[in-house]
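Throughout, read-outs are computed from the coordinates displayed, never taken from laboratory work. Bear in mind that the values here come from a model prediction, so they are computed numbers and not experimental data.
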Amino acid sequence: MKKIKGLCEDLAERLELPKEAVGDAVRLTAVGDRRLLIENHCGLLAYGTEEIRVSTGRGQIVLRGTELGMRAMNRAELLITGRLQSLAWE
């Protein structure tokens, strides 16, 4: 794992990108207003059908909507479904 991390840092430097752009930065992928995949999260802080708070290690992502639910979660990925109305970084 150490070699991969070093490779990511070298790649970021060569492409003149912030190291977070290719490393362990949180990545969000939205599919319409019904699904959101969060990669490299640090866990749930709060969970409800109208608001979900996800830790990123450097802050939190606050999702608001209706009928929100966690459909799948593992150490690195979290899939949220429901009618997403807003997303905020705090």
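Starting at the first residue of region 35-46, write each ³J(HN,Hα) from the Karplus equation 6.51 cos²θ - 1.76 cosθ + 1.60 with θ = phi - 60°, in whole Hz, x for Gly and Pro.
Ordered by residue, 3J(HN,Hα) equals 9, 9, 9, 10, 9, 6, 7, 10, x, 8, 9, 8 Hz.
Given axes a ≥ b ≥ c from the Cα gyration tensor, I'd like to know whether region 35-90 is rounded (a/c under 1.5), prolate (a/b larger than b/c) or oblate. Please report the intermediate quantities before stating the final value.
Numbers: a/c = 1.85, a/b = 1.25, b/c = 1.49.
Oblate shape, in that a/c is at least 1.5 and b/c is the bigger or equal ratio.
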